[in-house]
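J.: This structure is in structure tokens; I'll ask about it shortly.
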Amino acid sequence: MKLLFVGFGTVGQGLAELILEKEEQLKNDFGLKYSVVGISDELKGSLLNTNGLDLQRALESVKAGKKISDDSDDSFDGDALKMIRQSGADVMLEATYTDIKTGEPAVSHVREALEQGQHVVTTNKGPVALFYKDLAELARQKKKRFLFEGTVMSGTPVLNFIRETLAGSKVQEIKGILNGTTNYILTRMEEGLSYDEALDKAQELGYAEAVPDADVLGWDALAKVCILAKVVFGADSKPFDYPCEGITGITASAIADARNRGKRFKLIGKVWKERNYVKASVGPEEIDLTHPLAGVMGATNALTVSTDTLGDVTVIGPGAGKKETGFSMLIDLITIGNK
Ligand code: HSE
């Protein structure tokens, strides 16, 4: 399997470390052998070698604060689209930054790779939340896979769980904590920190971005909700079609007051079907302390799936992180290798 990395930031590097660490296991357990033919990153430089390049060395360069193209014979002059066209890759691994309003540059990368007959694995929420239908159709036409397990709850495999493990069940509602930063902030506020102090801590720990709007205004959770609405309920929507409220209006006294009434504030993303319409929303809700979602604290994510067969099933796990999100791409790679 010839792999091409487009985006070699935290997530791309997380996957690279995992496939190096698990090279033997992948070969023995799944007969999966791979070579990396290209890496394209706007900041870290680009490499192309259709016979396979040195992934370990690329990781070491990044760790040393150098560009991967510094002192390399495989240095490539051109953008990701050019690399996709020239790489001859079997799988394009897309892990550039998410832009939930335009989906770019990831959407163009995904389209081009599928056009070139490459399978696509992405952790980027933009292309799925905005253009799932078109991209899935293009993948079908090209008889390639378009997989994105990591877009919702990183490597905690909720999409596979709903689509495959729960196959045969009717899903009535999905509701969960889909953003780690805001859950961490609410947890720390309940412990007595102010909103600003909790946000500072979240930034210190690397959960929140330097500009934390996408997390605290609910947009990140909204993108995930939109992906669930499309993939599980077949909705044809865009993220901002749904009501969305973040956590910026929640005060410490409202949290304490809820606590006294046996409730806890959570930023809840949910999708459900009402008659023939798919409804979805993101917003703060007071959850009863007896509900499994109420016990999910810190940066952890969780999703409760209401089904006609099992009633409620709740999956709890990481929703972000280098290894965790890298692992989501490994899940998808194994799926492609198994076909
Ligand atoms: N910033 C997100 C979160 C992680 O805090 O959950 C990536 O979706």
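The values are calculated or read from the model by the stated rules, or taken from the named source; none is laboratory data. No experiment lies behind these values; they were computed from the predicted model shown. When we count neighbours, we look across all protein chains shown, and the Cβ atoms used for this are built from the backbone with ideal geometry, even at glycine. Quick note on the areas: whole protein, heavy atoms, side chains included, nothing else; ligands and nucleic acids left out. Shrake-Rupley method; radii C 1.70, N 1.55, O 1.52, S 1.80 Å.
J.: Provide a single number: the residues in segment 73-90 that are more than 16 Å from LYS2 (Cβ to Cβ) and either in contact with a Leu (Cβ under 6 Å, 6 or more places away or on another chain) or of a type in the set (D, E, K, R) (or both).
T.: Within segment 73-90, residues that are more than 16 Å from LYS2 (Cβ to Cβ) and either in contact with a Leu (Cβ under 6 Å, 6 or more places away or on another chain) or of a type in the set (D, E, K, R) (or both) number 4.
J.: Restricted to segment 174-199, and to residues that are more than 15 Å from the ligand (Cβ to nearest atom) and within 19 Å of LEU303 (Cα to Cα), which residue is least open to solvent (accessible area, probe 1.4 Å)?
T.: Applying the first criterion (more than 15 Å from the ligand (Cβ to nearest atom)) to segment 174-199 yields 174-175, 189-197.
Still in the list and also within 19 Å of LEU303 (Cα to Cα): 174-175.
Values: ILE174: 2, LYS175: 38 Å².
Applying the filter and picking the extreme gives ILE174.
J.: Could you tell me which of the residues ALA294, ALA320, ALA280 is closer than 22 Å to ASP220 by Cα, within 16 Å of the ligand (Cβ to nearest atom) and among the aliphatic types (A, V, I, L, M)? So that I can check it myself, show each step before the final result.
T.: On the way: ALA294 fails: within 16 Å of the ligand (Cβ to nearest atom); ALA280 fails: within 16 Å of the ligand (Cβ to nearest atom).
Result of the check over ALA294, ALA320, ALA280: ALA320.
J.: Follow-up question, since we're still on this one. Only one of these conditions is not met by GLY311: (1) within 16 Å of the ligand (Cβ to nearest atom); (2) modelled with pLDDT of 95 or more. Which number is it?
T.: It fails just one condition, (1).
J.: If I ask for residues that are farther than 17 Å from GLY12 by Cα and among the aromatic types (Phe, Trp, Tyr), which ones from segment 147-176 would you list?
T.: PHE161
J.: Which residues, taken from segment 137-169, are buried (at least 22 other Cβ atoms within 10 Å of the Cβ), out of contact with any Gly (no Cβ under 7 Å at 6 or more places or on another chain) and assigned to a loop (DSSP other than H, G, I, E, B)?
T.: PHE148, VAL152, GLY155
J.: Also, quick follow-up: Limited to segment 76-109, what total is found for residues that are open to solvent by less than 10 Å² (accessible area, probe 1.4 Å) and within 16 Å of the ligand (Cβ to nearest atom)?
T.: Selection size over segment 76-109: 3.
J.: Strands (runs of 3 or more DSSP E) wholly in segment 266-335 with at least 2 residues that are open to solvent by less than 20 Å² (accessible area, probe 1.4 Å) - which ones? Walk me through how you get there before you give the answer.
T.: Values: elements: 277-288, 301-307, 311-317.
Once the strands (runs of 3 or more DSSP E) in segment 266-335 are filtered for at least 2 residues that are open to solvent by less than 20 Å² (accessible area, probe 1.4 Å), what remains is 277-288, 301-307.
J.: Name the pairs: first residue in segment 191-219 and without any contact (Cβ under 8 Å) to a residue 60 or more places away in the chain, second residue among the polar types (S, T, N, Q) and away from the ligand (no atom under 13 Å from the Cβ), Cβ to Cβ under 6 Å, at least 6 apart or on different chains?
T.: Here the result reads VAL216/THR248, each pair linking segment 191-219 to a residue that is among the polar types (S, T, N, Q) and away from the ligand (no atom under 13 Å from the Cβ).
J.: Looking only at segment 110-134, count how many residues are part of a helix (DSSP H, G or I), open to solvent by 20 Å² or more (accessible area, probe 1.4 Å) and away from the ligand (no atom under 13 Å from the Cβ). Spell out the reasoning first.
T.: Keep residues of segment 110-134 that are part of a helix (DSSP H, G or I), which gives 110-115, 125-134.
Okay, now just the ones that are also open to solvent by 20 Å² or more (accessible area, probe 1.4 Å), so 111-112, 115, 125, 131-134.
Then keep just the ones that are away from the ligand (no atom under 13 Å from the Cβ); that gives 111-112, 115, 131-134.
Total meeting the criteria: 7.
J.: Can you confirm whether GLY38 is touching a residue at least 12 places away in the same chain (Cβ under 8 Å) and either farther than 16 Å from LEU3 by Cβ or of a type in the set (Val, Ile, Thr) (or both)? If you could, list the steps in order and put the result at the bottom.
T.: Numbers: touching a residue at least 12 places away in the same chain (Cβ under 8 Å): yes; either farther than 16 Å from LEU3 by Cβ or of a type in the set (Val, Ile, Thr) (or both): no.
Judged against the criteria, GLY38 is not a match.
J.: Only residues that are open to solvent by less than 20 Å² (accessible area, probe 1.4 Å) and either assigned to a loop (DSSP other than H, G, I, E, B) or over 12 Å from LEU130 (Cα atoms) (or both): list them for segment 232-257, please. Outline the logic, then answer.
T.: Pass one, segment 232-257, residues open to solvent by less than 20 Å² (accessible area, probe 1.4 Å): 235, 237, 239, 246-247, 250, 255.
Result: ALA235, SER237, GLY246, ILE247, ILE250, ILE255.
J.: Name the residues in segment 200-224 that are in a helix (DSSP H, G or I) and within 12 Å of the ligand (Cβ to nearest atom), would you?
T.: ALA202, GLN203, ASP213, ALA214, ASP215, VAL216, TRP219, ASP220, ALA221, LEU222, ALA223, LYS224
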